[in-house]
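No value in this document is a laboratory result; all are computed from the given coordinates. Not measured: the values here are computed from a predicted model. Glycine also receives a Cβ, built like all others from the backbone with ideal geometry; neighbour counts cover every protein chain displayed.
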Amino acid sequence: MKRMNMLLIAGAAVITAIGLVALAGLGAMAVVMFDLMSGTATGSETLTPAGSPAGHALVVYNPGLTGGAKTVAAAIAGDLKDAGYSVVLAGVKSRAAADVAGYDVIVVGGPVYAGNASGSIRSYLGQLDPAEGAKVGAFGCGSKEIDNADRTAVLADVAGDTTLDIRAALKLTQWDDRDEECAAFVDRLLG
């Protein structure tokens, strides 16, 4: 009888552990599928260049699960500032991201899950109405390797099916070359 009780307790513990792992997996999947991390992107900050600005730029991001996309957005914003632009770095759900009037450059990006840009970024790009002549760029961060020279593939991954004229696109999968890749992206965007 004692042995039977121990087996029942051990079996219940295994079933409970399996249930907890499955529940955690479902929770993580829900965070990705319902783009819950975009709700944390409500802040903004302004980066001002030395001297008179060459123009005004807006960099909008969804941080994603790891915050990696915010790091990339900050690197791009820094490169734009170094190019002489006054830059607003804004979370996709911030008030600053909602008003695109007066920007010469607009960059939008976030995580790419299973080859698709996050829902908040696709939605933002779908509603984006930049001023005539504004330069628009898009970036994505994900695990799927992609050749950044293949503009069509990069745009499909980082921007979805937007009809915007996106001048430069970047997909990052490894962080080793992030600074160089972001600088090259800004050069293509401004060039």
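Side notes on the structure shown:
- Partners for residue 81 among lysines (Cα-Cα distance below 27 Å; same-chain residues under 8 apart left out): 70, 93, 135, 171
- Global geometry of region 51-117, whether rounded, prolate or oblate, following the gyration tensor of its Cα atoms and the 1.5 cut on a/c: prolate
- Gyration tensor (alpha-carbon) shape descriptor, region 114-168, a/c threshold 1.5: oblate
- Within region 143-178, backbone nitrogen closer than 16 Å to the virtual label 7 Å beyond the Cα of residue 116 toward Cβ: 143-144, 156-162
- Overall Cα dimensions of region 38-190, principal axis frame, Å, largest first: 41, 29, 28
- Ordering of 93-99, 137-143, 185-191 by packing [mean C-beta count within 10 Å, highest first]: 137-143, 185-191, 93-99
- Under a model in which nothing but the beta-carbon of Lys, Arg (+1) and Asp, Glu (-1) is charged, region 38-190 shows a dipole of about 440 debye around its Cα centre.
- Top positive-direction residue, dipole computed over region 38-190 with Cβ charges, set 90, 149, 115: 90
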